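Heads up: the structure comes next, in structure tokens.
Readers should treat all values here as calculations from the given coordinates under stated rules, not as data from a laboratory. What you see is a predicted model; the values in this text were computed from it and never measured. Note that we place each Cβ from the backbone using ideal geometry, even for glycine, and neighbour counts take in every protein chain shown.
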Amino acid sequence: MYATTPGLRGPLLLLIGFLVDLYLLIQLGSVIGALNAVILVVFSAVLGVQLVRHQGLATLREAQLRMAQGETPERSMVEGLMVLLGGTLLMLPGPLSDGVGLLMMIPPIRRAVAAWVVKRIFWFFPPGPPPSGGGGRLIEGDYRREE
């Protein structure tokens with residue numbers, strides 16, 4: 001199997017990201033000391049949990065507000081997934097994952113990325129009912145349930 005096989009790209013990128021993160025963590029530990037590196041890892045994990053709780057609830061409230069106004073909360077849903085992913089990255093040990101996770105927790109950056117993702121999704125799946133026609137037949141009629 002080759003690394004260009006579509007099924008291997010995701011796991012291969014995750015493995016490379018993990019190895020780079022581990023290397024950076026070891027380098028950080030050699031500069032600031034192992035104990036300080038461990039304290040930093042624990043602090044980032046606690047920060048991740050707290051940020052997921054706070055930002056997740058704020059995103060949930062925004063989605064509920066949009067639904068109450070009759071709008072679809074697609075951007076809020078994407079933001080919620082980004083908060084969850086960002087918090088998970090903050091809980092993983094390593095400066096690279098912490099940096100990316102922290103960027104996902106900054107509301108202006110998260111909103112811009114979520115708007116871009118929503119725009120890309122609706123390019124593939126436009127909102128509204130599916131197009132009619134297309135060879136399917138519509139049969140109208142009445143029915144009665146007999147028991």
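Put a dot 7 Å past each Cα toward the Cβ at Arg144 and Ile16; how far apart are the dots in nm?
Roughly 6.8 nm, to one decimal.
Using a cut-off of 15 Å between beta-carbons, work out the net charge of the residues near Val117 (Lys and Arg +1, Asp and Glu -1, Val117 not included). Can you show the working numbers first?
Details: positive: Arg75, Arg110, Arg111, Lys119, Arg120; negative: Glu74, Glu79.
Cβ neighbours under 15 Å give a net charge of +3.
With θ set to phi - 60° and the Karplus curve 6.51 cos²θ - 1.76 cosθ + 1.60, what are the ³J(HN,Hα) couplings of segment 44-57 in order, to the nearest whole Hz, using x for Gly and Pro?
5, 5, 5, 4, x, 4, 5, 5, 5, 4, 5, 5, x, 5
Return, for the Cα atoms of segment 30-100, the radius of gyration and Dmax in Å, separated by a comma.
Over segment 30-100's Cα set, Rg and Dmax evaluate to 15.7, 54 Å.
What range in the chain is the longest one free of trypsin sites (Lys or Arg not before Pro) that are in a loop by DSSP and have at most 16 other Cβ atoms within 10 angstrom? Before the final figure, lay out the partial values.
On the way: sites that count: Arg137, Arg144, Arg145.
My reading of the result: 1-136 is the longest stretch.
Step through the residues of segment 95-103 one at a time and calculate ³J(HN,Hα) from phi using the Karplus curve (6.51 cos²θ - 1.76 cosθ + 1.60, θ = phi - 60°), rounding each to whole Hz and writing x for Gly and Pro.
x, 5, 5, 5, x, 5, x, 5, 4
So what's the convex hull volume per residue for the Cα atoms of the chain, in Å³?
Working: hull volume 38.2 nm³, N = 147.
Once divided by residue count, the hull of the chain is 260 Å³.
What number, in percent, do you get for the relative contact order of segment 15-124 if the mean sequence gap of Cα pairs under 8 Å and at least 6 apart is divided by its residue count? Write out the running numbers ahead of the final one.
Values: 109 pairs, mean separation 32.0, N = 110.
After rounding, I find 29 percent.
Name the GluC sites (Glu not before Pro) in segment 1-109 that are in a loop by DSSP and that have at most 12 other C-beta atoms within 10 Å, would you? Please report the intermediate quantities before stating the final value.
Values: sites: Glu62, Glu71, Glu74, Glu79; in loops: Glu71.
Sparse-neighbourhood loop GluC sites (Glu not before Pro): Glu71.
Hey, in the GNM for the chain with a 10 angstrom Cα cutoff, which one of Thr59, Thr88, Thr72 fluctuates hardest?
Comparing Thr59, Thr88, Thr72 in a Gaussian network model of the chain, the most mobile one is Thr72.
Are there chymotrypsin sites (Phe, Trp or Tyr not before Pro) in segment 1-83 that DSSP puts in a loop and that have at most 14 other Cβ atoms within 10 Å, and which ones?
Values: sites: Tyr2, Phe18, Tyr23, Phe43; in loops: Tyr2.
Filter output for segment 1-83: Tyr2.
Helix-only estimate, please: 222 nm mean residue ellipticity of the chain, summing -39500 (n - 2.57) across DSSP H runs of length 4 or more and dividing by its residues, to the nearest 500. Mind showing how you got there, number by number?
On the way: 5 runs with 109 residues, N = 147.
Calculated at 222 nm, the ellipticity per residue is -26000 deg cm²/dmol.
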